[in-house]
Structures are given as structure tokens and as C-alpha cells.
Amino acid sequence: MGEFITFPELLIWLPLIAGLLSFMLKKEGAAWTVSFVFSLAILAVSAASLFYTDPKFLAYNNVNYYYPNNIGNTFFVGLDGTSRILTFLTALVYPLIFLSIKKDEYKNASSFYGLLMLSQCGIMGVFVALDALLFYIFWEVALIPIYFLCSKWGGERRVQATFKFFVYTFAGSLLMLVGIIYVYLHTPPKVFENGTQTLHSFSYAAFSNAGLSAGDQSWLFWLFFVAFAIKMPVFPLHTWQPDVYDQANGPATMVLSGVMVKMGLFGVLRWLLPLFPEAVGKYNHLVIVIAIIGILYASLIAIRQDNLKRLVAYSSIAHIGLMCASIFALNITSMEGMMLQMFNHGVNVIGLWIVLDIIEKKTGAKKISDLTGIAHKAPVLTIFLFVIAMANIALPLTNAFPGELLMFTGLFEANPWFAAISGLGIVFVAIYILNLVQKVFYGETNTLTAAINDIGFSQKLSLAIIVVVIFAIGIYPQPILNLAKESVPVILGKLGM
Amino acid sequence: MNAIVVSAFMGILMMFTGAFVKNRAVPRYLAIAGAILLFLANAIELKQGQPLFHINIYDMLKTSSYSLGFLAVMIGCLILLFLLSGEDIERVGHDVGEYFALIFFVMCGVAICATFNTLLFLFLGIEILSIPLYILTGSNKRNLLSIEAALKYFLMGSFSTGLLLMGIAMVYGGTPNASFYIASIDVGNTATSPFIIIGLILMLVAISFKVSAAPFHFWAPDVYDGAPTVFTSFMSTIVKVAGFLAFIRLFENSFGAIHKDWQKLIVVITIATLFIGNITAIFQQSVKRMLAYSSIAQAGFMMLALFALNDRAKEGMVLYAAAYSIAAIGLFGIVSRMNEFTISDFNGLGKTHPVVAFTATIFLLSLTGIPLTAGFQSKLYMLTSVVENSNQVWLVIVAVIFSAISAYYYFRVIQAMYFKEPNTEDPVELWNINGWFKSVLILLAILTIIIGIYPEWILGWLYYW
């Protein structure tokens with residue numbers, strides 16, 4: 001296999017082919033089937049790649065195509081522990097999304113499914129790229145299908161909300177591009193296999209050995225961090241997120257909050273930490289403080305939030321803030337917990353969005369105060385939601401528990417105060433999630449909720465898979481932790497720890 | 001050299017077709033054939049390293065594979081312009097042959113600008129390039145705006161010509177052995193003569209006029225807006241880019257030694273151009289006028305090549321020329337087929353004309369600088385060259401911030417095309433969107449993507465010899 005094609009290439013090209021095919025198919029049912037089948041195939045590829053982690057399978061996991069060029073970039077992609085976790089998450093959530101929207105009707109559904117698959121192509125590319133320019137290209141290209149998805153289908157103010165998101169991320173990524181160019185010009189010369197030579201190169205190895213001075217690192221750190229922080233998003237760069245989640249259509253929101261926000265965290269792990277070790281040592285406490293402010297701020301707003309989608313948006317900001325803080329705690333425990341939690345958060349938040357999307361489509365309402373008593377009419381949905389809600393609170397036996405436990409232990413190691421204050425966030429999560437479950441699902445039905453019926457088979461299936469994953473990882477998180485163990489020492493090693 | 005002779009010959013030939021041929025379509029076909037001939041002639045010179053015509057010009061023209069490669073890009077864009085908008089040139093007025101003739105004369109000036117080796121030829125090139133443009137701008141005789149634009153352009157243009165001549169005279173006076181050759185200008189090892197400095201500034205101002213760099217851009221929006229759209233397309237792409245080539249050749253060869261000194265002036269001009277172009281473009285309702293301002297903004301980006309003036313900047317300039325010209329020719333081509341062109345007239349174009357809207361989106365993404373399009377590669381080369389030259393990261397950050405701002409007005413058109421419903425009461429009509437027009441648009445879009453993925457395809461020619 002490694003001779004012909006490698007895992008990361010398949011993960012990039014399969015979604016691209018699926019997306020283009022889906023665009024060409026006029027029949028909407030056929031487009032759905034093609035996208036769904038391809039997303040299953042991608043899941044299979046991604047799952048298979050998990051069994052080839054041994055270094056002797058390097059030829060299956062890494063590939064570096066080079067062509068002589070003036071600037072020294074190559075098509076260099078590869079899988080390691082971190083990217084395996086995230087590519088597997090990405091591969092896992094797309095079939096679930098497709099299952100949950102099987103019965104829904106979208107205008108121009110073929111383009112809708114096509115854009116979804118194209119966004120998967122860009123996201124996969126971000127996670128596997130080992131060439132800085134390639135990383136940047138995928139980073140921006142992933143944005144374009146999402147831009148069209150969110151602007152074309154969704155609420156009334158979707159165009160403005162999405163455009164705000166686009167400008168935020170575009171400005172952030174351009175700043176990162178400036179940083180990339182600066183680091184690039186400090187890399188050593190590169191000799192290609194056919195003998196041509198370029199003065200500099202974009203390869204990951206060259207970038208992490210660029211030998212930047214401490215002074216350069218300290219401003220380059222912020223150029224990169226702003227781009228990643230906008231994507232995550234971290235307070236105070238989060239203002240695009242509630243608007244977009246509120247206005248965009250369900251599947252696009254799932255992609256955004258499930259996998260796209262992980263691009264920011266991934267960027268920190270893959271590029272920021274190894275490139276600027278001295279600056280990281282200098283600023284890590286500052287970043288943790290910013291992240292913790294974000295956790296408290298977002299949680300407090302979530303408690304007072306009446307709009308379901310905005311509530312989940314703020315809750316997501318709080319969760320991501322915790323992950324961001326634990327990266328910068330810079331110890332093995334917190335980082336492993338954070339990697340586990342990246343996966344868990346992706347699964348849990350998509351479960352939550354599927355439920356909310358179903359409710360919104362059934363009732364047309366997205367305010368907590370308008371909804372009540374859904375449990376009477378849709379008991380199956382309620383059971384699923386209950387499990388997912390518990391996972392969001394990180395109850396033992398659910399997947400988020402081991403993740404958050406490790407993260408807090410790590411934060412405590414760094415500074416007990418960090419753990420104590422960010423721990424308040426956990427209390428707040430319980431308040432607003434339980435409040436949501438209680439008000440929306442229990443109580444008497446009203447005119448809006450009296451007429452709804454329970455969910456269909458495909459929706460049951462996708463939610464059931466999520467619940468299974470929640471319990472499976474909650475009881476036995478080891479497989480994902482093993483993947484994390486592969487990467488964490490490498491990253492900390494680059495930081496000299 | 002080949003290009004100068006062939007384009008002058010084609011210009012004369014086209015003039016006569018107006019007199020002898022009754023069929024209005026014939027000049028167009030002849031012009032396309034002529035443009036291809038021009039391209040081939042230039043390619044032969046690039047390939048062989050010497051011109052077909054052996055005329056003793058006393059070294060007053062000097063070719064390099066860079067300038068010929070650059071010229072090839074411009075002639076290639078001319079072919080694309082003819083293929084896409086040839087019919088729009090016919091529609092401007094009666095004298096079809098003459099429009100094409102004037103365009104070929106402009107190309108003659110462009111070719112001289114690409115190869116001049118003395119200040120006299122620089123002046124000749126810029127004048128041969130400018131005078132036909134004054135006529136083309138006013139060619140829509142029934143439109144007052146067009147005439148106003150032509151007059152304005154002529155007055156401003158003559159003013160800048162005066163400055164250029166003054167600058168040339170100053171530099172000539174400051175050169176000890178009284179020579180017009182650009183390489184023999186003596187900038188001095190320690191102290192530069194004041195004549196040279198004043199001459200340099202005057203020439204800088206004059207050429208900034210020609211490439212519409214702020215604060216010498218005032219003519220540009222009105223002229224670009226008033227001229228027939230197809231000629232705006234020609235002026236704001238190929239001709240503007242030729243101005244930059246002349247700029248680079250002159251300042252690199254004659255004033256390269258004191259680059260660090262005049263670089264500071266370029267910084268001021270760059271930032272002013274980026275600021276005025278981008279900020280004013282935001283407020284435009286007419287897409288044509290928005291494109292006019294955006295072409296000022298893009299000129300600001302191209303000024304970065306003069307700031308850096310190293311190999312990568314020169315490569316970036318060629319890429320920028322190709323990327324920007326292709327995208328702008330496509331967009332102006334679409335605009336010229338619309339009766340009205342405010343942003344709201346683009347509403348719902350994605351539904352009514354999917355191919356047009358899709359290709360327009362690619363052009364707009366390229367102008368914004370999104371990866372996988374030519375615009376990204378050219379911006380990448382430009383920004384890299386600036387950091388390489390001087391480590392002036394702040395200037396790069398200013399440039400990318402304006403680039404982010406430019407997303408605002410480019411994406412407004414995309415939003416109108418895809419996310420707004422078509423106007424049902426007063427539907428906008430696009431005339432003559434036939435299969436040919438669509439195929440050329442798709443060709444332009446494919447070129448944009450190819451350059452975006454593999455820019456070496458063009459850059460390889462610059463180092464042919």
C-alpha cells in the first residue's frame with residue numbers, strides 16, 4: 001500500500017472526490033448516498049491507520065512529494081499520535097452528521113453535501129500537513145466551503161454572521177502567514193533529491209530547527225497564537241462564534257464546533273509549541289490566565305442564556321478555554337488529558353448539536369423559554385440527550401470524566417490556583433446543562449411541543465453510536481491515551497522538558 | 001525587439017482594415033490572429049536569445065529573458081482579453097479597426113517599456129503607450145462621462161509627461177559624461193548629485209502617475225469608470241503592469257545603488273496607495289468603480305516589488321501581473337456584458353448564470369488572495385521578498401491587514417451572487433452570454449488555479465537564458 005498511496009493522502013483525496021461527485025449528481029438522494037458511503041470509507045481508512053502506528057510502517061503514514069520549485073515547498077503529509085486522534089475524530093463525525101440529516105430537506109442538497117465533504121478535505125489536510133505552506137493552504141481552504149455552507153443555508157442573519165467569522169479568521173491567518181514567511185526565511189537551505197537546491201524550505205523539520213532568537217520568538221508567538229486563538233476561539237477573540245452557531249444550519253455548526261475549532265488547538269500543539277519554545281516558556285502563564293478568564297466569562301453568560309444555540313456556543317468556549325489552558329500547563333498529564341478531551345468534546349458537542357437541530361426542525365423554536373415537556377413526546381430523544389448532557393458535565397463513566405480529571409491534575413501541578421479557579425467552570429457547566437435538560441425536556445408540554453413525534457431510525461442510530469462512544473471511552477480511554485502518549489513526549493521534548 | 005516591430009506592423013494593418021473591410025467581425029479575427037503572432041514573435045526571441053530583425057539600434061534597447069518573459073505574460077493576457085471581450089470592442093462604436101489598431105500601438109509602447117536601455121526610449125515607450133489610451137478612453141463619443149474621462153486623463157497624463165521629461169533632463173544633467181544610457185547614470189559612491197536626486201523624485205512621481213499609485217491616483221477612478229469597460233479592462237491590467245515593469249527596470253538599473261534611500265519614499269507611496277484604494281473601494285456601490293479602486297489597491301501591493309527589488313520580488317511581480325490581469329480581465333469582461341453594474345445587479349447571478357457566477361467567484365477569490373488561486377502565490381512572493389530584503393515585518397503586517405480589508409468588498413459581490421435572490425421586477429440582463437464567452441471564462445479560471453498551484457510554470461521562463 002505504501003508504495004502506491006498512503007493513509008494521509010487517502011484522507012485528503014477521498015473527501016475531495018466525494019465532494020466533486022456530489023456536486024455533479026443532480027439527484028439529491030444519490031448525492032446523499034455517495035457522500036455517506038465515501039464518509040464511511042474515510043472512516044474505515046482512518047480506523048485502519050490506527051493499527052499502523054508502529055515506526056516500521058512509516059511508508060504507510062508519511063509521504064513527501066517534491067517537485068523542483070523556487071520557493072522550496074513540498075507536498076509533505078504524515079500521521080502521528082495527535083493527527084491520528086483528530087483525523088479519526090473528523091472521520092467519525094461525518095457519517096454521524098450524514099445519518100442525522102438523512103430525512104431533512106435542503107435546497108440544492110447536492111451542493112450542500114458536496115460542500116460538507118469539501119470541508120472535510122480541508123480539515124483533514126490541516127491535520128496531516130507537515131509542510132508549513134501546505135498547512136497554511138489547507139487552513140484557509142477549509143474555510144471556503146464552510147463559508148458557503150453557513151452563508152447559503154441557515155437563519156436570517158446568516159450572511160452577516162458568517163462574514164464576520166470569515167473576516168476574523170482570514171485576518172488571523174494572514175498574520176500567521178507573516179509569521180510563516182519570517183520563520184521560513186530563517187530556515188537552512190534545502191537540497192532536493194534531484195540535486196536542485198533552494199535557500200530555504202517550509203518543511204516541519206526545518207521550521208522546528210530554525211534557530212530563532214528569543215526576541216523574534218516573542219512576537220512570532222503572538223502572530224501565530226492570534227490565528228489559532230480566533231479559530232478555537234479564546235476570549236476575547238470569540239465574538240464571532242455565538243452569532244455563527246446561532247445563524248448557521250445544523251450540519252455546518254456540527255462541523256464547526258466538532259472539528260474545526262480543534263484546528264486551533266492542533267495548530268498550537270503542532271506548530272506553536274515546537275517552533276517557539278522560549279516564547280512559550282515566557283508567555284504560558286499569561287495564556288492560561290486569558291483562557292481561564294474566558295472559561296468564567298463564557299460560563300456565566302451561558303447560565304443567563306435563553307437561546308439554546310448560543311448556550312451551547314458559550315459552553316463550547318468554556319470547554320475549549322479549559323483545553324487551551326491545559327496545553328499551556330506544559331506537563332504530560334495535562335497534555336494527555338487535553339488530547340483525550342479534544343476527541344471527547346468533538347463527539348459530545350456533535351451529539352448535543354444533533355439533538356438541538358432535531359428540536360429546532362421539529363418545533364421551529366430555539367429558546368429555552370419556548371420549549372417544555374419534550375420528554376413526554378420524544379422519550380428516546382430524551383434518553384440520548386440525558387447521556388450526552390451528563391457527558392458534557394463530565395460525570396464518571398462518561399468519556400469527558402477521564403479527560404477533565406487529567407487536565408485538572410495537570411493544571412494543579414502547574415499551579416493549584418489555576419485548577420481551583422477553572423474548576424469553577426465545571427460547577428457552572430452543571431448549572432446550565434441541568435437547567436437546559438430540566439426546562440426543555442421535563443414539565444408539561446405546550447402548544448409548540450405537543451405535536452412533535454419521536455426521532456426516526458437514522459437519527460436514533462447516529463445518537464446511539466455517540467452514546468456508545470461516550471461510554472466506551474468513559475470506561476476504557478486507553479486507546480486514545482496511547483495515541484496521545486506517542487506525541488506528548490515529542491512536543492515536550494522540543495520544549496526542553 | 002520582435003514584439004515592437006510586429007505590434008507596430010499589426011497596428012498599421014488594423015488601421016487599413018477599417019477602410020477596406022466592410023464586415024465588422026473581420027477586424028476582431030484579424031486582431032486575435034495578430035495577438036497570437038505577436039506572442040509567437042516574442043516567444044521566438046525568448047527562445048533564440050536574439051531578434052529576427054537585425055537593426056543597429058546602438059544598444060538603446062536591451063532585452064533579458066526576464067523582460068521578454070514578462071512581456072510574454074502581458075501579450076498572453078492581451079490574447080485572453082481579445083478572446084473574451086473582442087465582441088465588446090466591436091460594440092463600442094463604428095471604428096472597430098481603429099480600436100484594435102490603437103491597442104496594438106499601446107502594445108508597441110509596452111514592448112518598448114519592457115526593453116528600453118536609455119532614458120529617451122523610456123520616454124518614447126511611455127508616450128507611445130499613453131497617447132492611444134487617451135483616444136480609447138474617449139472612444140464612446142455619445143457618453144459624456146467617457147469624454148470627460150478622456151480629457152481628464154489627457155490633462156493629467158500630459159502633466160506627468162512633463163514631470164518625466166523634467167526628471168530625465170535633470171538626471172541627464174547630473175550624469176558626468178552626458179549619456180542617456182540608464183546603466184551609466186552615476187549615483188555616486190558617497191554623495192549623490194542633487195540633480196540626480198531631484199530627477200529621481202520627478203521620475204518616481206511621473207511613473208507613479210502612470211501606475212495610479214497614491215497620492216497620484218486621482219485620475220484613475222474617474223477614467224476607469226468613464227472609459228468603455230473593455231478598455232478599462234485593458235488599461236487597468238496590461239498597461240498598468242507595463243508601467244510597473246518600466247518602473248522596476250529603470251530603478252533597478254539606474255538607481256539600484258541608492259536603493260536604501262528612495263526605498264523610504266516607496267514605503268510612503270505603498271501605504272498611501274493601499275490605504276486609499278482599499279478604504280475607498282469599500283464604499284462603492286458600482287462594481288465597475290469598485291474594481292477601479294481595487295486596481296489602485298492592487299497597485300499598492302505591486303509597489304512592494306519596488307520596495308524589495310530582489311529576485312523574488314521580480315518573480316513576484318510577474319506572478320502578480322498574471323494573477324491580477326487574468327482575474328481583472330475576467331471580471332471586467334463580465335461587467336461589460338451587463339447594462340447596469342451596481343452590486344445589487346449581481347443578486348442571484350449564481351442561479352441565473354451559474355458559470356458566470358462561479359468563474360467570477362474564482363476571480364474574486366484570486367484578487368483576495370485565497371490559497372490555490374494565482375492571487376495567493378503572487379502575494380506570498382511579494383510578502384516574502386519584502387521580509388527577505390529588509391526584515392521590515394511591520395510593512396508586511398500593514399499589507400496583510402489591507403488584504404484582509406479587501407476581502408470585505410470582494411466578498412460583497414460573492415454574497416450578492418450566491419446568497420441574495422434575483423430581482424424579479426427588474427431583472428438585470430446579460431447580453432450575449434454564449435458558449436464561447438463561457439468557455440473563455442472557464443479557461444481564465446483554470447489558468448488562475450494552475451498558476452495558484454504551480455507558479456513555476458510561468459517563472460521558469462524568466463530564467464530561460
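The values are calculated or read from the model by the stated rules, or taken from the named source; none is laboratory data. Source: prediction; values computed, not measured. For neighbour counting, all protein chains shown are included, and Cβ atoms are generated from backbone atoms with ideal geometry for every residue, glycine included. These area figures cover heavy atoms from the full protein model, side chains too; ligands, DNA and RNA do not enter into them. Shrake-Rupley method; radii C 1.70, N 1.55, O 1.52, S 1.80 Å.
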Notebook entry, point to check: Of all residues in region B:218-235, which are buried (at least 24 other Cβ atoms within 10 Å of the Cβ) and closer than 15 Å to B:Phe159 by Cα?
Noted result: B:Ala220
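Being touching a residue at least 12 places away in the same chain (Cβ under 8 Å), open to solvent by less than 20 Å² (accessible area, probe 1.4 Å) and more than 14 Å from every other protein chain (Cβ to nearest Cβ) is the requirement here; does B:Phe437 meet it? Lay out the reasoning, then the answer.
Numbers: touching a residue at least 12 places away in the same chain (Cβ under 8 Å): yes; open to solvent by less than 20 Å² (accessible area, probe 1.4 Å): yes; more than 14 Å from every other protein chain (Cβ to nearest Cβ): yes.
Yes: the conditions hold for B:Phe437.
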Next item on the list: Kindly check whether there is at least one residue in region A:469-479 that is closer than 18 Å to A:Val380 by Cα and open to solvent by less than 30 Å² (accessible area, probe 1.4 Å).
Entry: yes
Checklist line | Positions within region B:410-465 being of a type in the set (Asp, Glu) and within 23 Å of the chain's Cα centre (by Cα), in sequence order | finding: B:Glu456
Next item on the list: Output yes when any residue across region A:212-227 is surrounded by 15 or more Cβ atoms within 10 Å (Cβ to Cβ) and either part of a loop (DSSP other than H, G, I, E, B) or not assigned by TED's automatic domain parsing to the domain that holds A:Asn73 (or both), and no when none is.
Entry: yes
Item checked: Residue ID - farthest from B:Thr448 (Cα to Cα), chosen from residues in region B:362-376 that are open to solvent by less than 10 Å² (accessible area, probe 1.4 Å) and assigned to a helix (DSSP H, G or I) -> B:Thr368
Check: Taking region B:450-465 as the search range and keeping residues that are part of a helix (DSSP H, G or I) and within 12 Å of chain A (Cβ to nearest Cβ), which one is farthest from B:Gly350 (Cα to Cα)?
Finding: B:Leu462
Next item on the list: Look through A:Val167, A:Val178, A:Val183 and report the one residue that is buried (at least 19 other Cβ atoms within 10 Å of the Cβ), free of Cβ contacts under 8 Å to residues at least 60 places away in the same chain and aliphatic (A, V, I, L, M).
Entry: A:Val178
Next item on the list: Mind listing whichever residues of region A:36-90 are hydroxyl-bearing (Ser, Thr, Tyr) and within 25 Å of A:Met117 (Cβ to Cβ)?
Entry: A:Ser39, A:Ser46, A:Ser49, A:Tyr52, A:Tyr60, A:Tyr65, A:Thr82, A:Ser83, A:Thr87, A:Thr90
Notebook entry, point to check: Considering region B:148-169 alone, what residues qualify as being touching a residue at least 12 places away in the same chain (Cβ under 8 Å) and farther than 13 Å from B:Ala206 by Cβ?
Noted result: B:Glu148, B:Ala149, B:Ala150, B:Leu151, B:Lys152, B:Tyr153, B:Phe154
Check: Restricting attention to region B:132-189, and to residues there that are aromatic (Phe, Trp, Tyr) and within 25 Å of the chain's Cα centre (by Cα), which single residue is surrounded by the most Cβ atoms within 10 Å (Cβ to Cβ)?
Finding: B:Tyr153
Notebook entry, point to check: Could we say that B:Phe82 is aromatic (Phe, Trp, Tyr) and open to solvent by 50 Å² or more (accessible area, probe 1.4 Å) here?
Noted result: no
Check: Going through region A:150-161 one residue at a time, which ones are open to solvent by less than 10 Å² (accessible area, probe 1.4 Å) and at the interface with another protein chain (Cβ under 9 Å from one of its Cβ atoms)?
Finding: A:Ser151
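Return yes or no: is A:Thr239 hydroxyl-bearing (Ser, Thr, Tyr) and either surrounded by fewer than 23 Cβ atoms within 10 Å (Cβ to Cβ) or touching a strand residue (DSSP E or B) at 6+ places or on another chain (Cβ under 6 Å) (or both)?
Against the criterion (hydroxyl-bearing (Ser, Thr, Tyr) and either surrounded by fewer than 23 Cβ atoms within 10 Å (Cβ to Cβ) or touching a strand residue (DSSP E or B) at 6+ places or on another chain (Cβ under 6 Å) (or both)), A:Thr239 qualifies.
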Notebook entry, point to check: Out of curiosity, is B:Trp431 surrounded by fewer than 15 Cβ atoms within 10 Å (Cβ to Cβ) and under 15 Å from B:Phe341 (Cα atoms)?
Noted result: yes
Notebook entry, point to check: Does at least one position in region B:432-440 carry a residue that is on the phi < 0 side of the Ramachandran plot, touching a helix residue (DSSP H, G or I) at 6+ places or on another chain (Cβ under 6 Å) and in a helix (DSSP H, G or I)?
Noted result: yes
Margin query: The conditions are (1) assigned to a helix (DSSP H, G or I); (2) modelled with pLDDT of 80 or more, and A:Ala59 fails exactly one of them. Which is it?
Written below: (2)
Next item on the list: Consider only pairs whose beta carbons are under 9 Å apart and that are at least six residues apart or on different chains; among these, list those whose first residue lies in region B:405-416 and is open to solvent by less than 10 Å² (accessible area, probe 1.4 Å) and whose second residue is outside any helix (DSSP H, G or I).
Entry: B:Ser406/B:Gly369; B:Ala407/B:Gly369; B:Ala407/B:Ile370; B:Tyr409/B:Phe283; B:Tyr409/B:Gln284; B:Ala416/B:Asn347; B:Ala416/B:Gly348
Note to self: Which pairs turn up if I take residues in region B:56-71 that are closer than 19 Å to B:Cys108 by Cβ and look for partners that are at pLDDT 85 or above and open to solvent by 20 Å² or more (accessible area, probe 1.4 Å) with beta carbon separation below 7 Å, at least 6 apart in sequence or on another chain?
What the structure shows: B:Met60/B:Phe121; B:Leu61/B:Phe121; B:Ser67/B:Arg249
Next item on the list: Name the single residue, out of those in region A:46-78 being away from chain B (no Cβ under 14 Å) and open to solvent by less than 10 Å² (accessible area, probe 1.4 Å), that is nearest to A:Ala129 (Cα to Cα).
Entry: A:Val77
Checklist line | Failed criterion for A:Gly211 (all others in (1) more than 27 Å from A:Asp104 (Cβ to Cβ); (2) within 12 Å of another protein chain (Cβ to nearest Cβ); (3) of a type outside the set (D, E, K, R) hold) | finding: (2)
Next item on the list: Name the one entry in A:Ser201, A:Ser173 that is under 28 Å from B:Arg312 (Cα atoms), in a loop (DSSP other than H, G, I, E, B) and within 14 Å of chain B (Cβ to nearest Cβ).
Entry: A:Ser201
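Check region B:328-348 and report whether any residue there is within 11 Å of chain A (Cβ to nearest Cβ), under 24 Å from B:Met290 (Cα atoms), part of a helix (DSSP H, G or I) and under 16 Å from the mean Cα position of the chain (by Cα).
No, region B:328-348 has no match at all.
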Notebook entry, point to check: Listed residues A:Ile123, A:Ile42; which is buried (at least 23 other Cβ atoms within 10 Å of the Cβ), in contact with a Leu (Cβ under 7 Å, 6 or more places away or on another chain) and at pLDDT 90 or above?
Noted result: A:Ile42
Notebook entry, point to check: Conditions: (1) modelled with pLDDT of 90 or more; (2) within 9 Å of chain A (Cβ to nearest Cβ); (3) part of a helix (DSSP H, G or I); (4) open to solvent by 10 Å² or more (accessible area, probe 1.4 Å). B:Leu383 meets all but one. Number of the miss?
Noted result: (4)
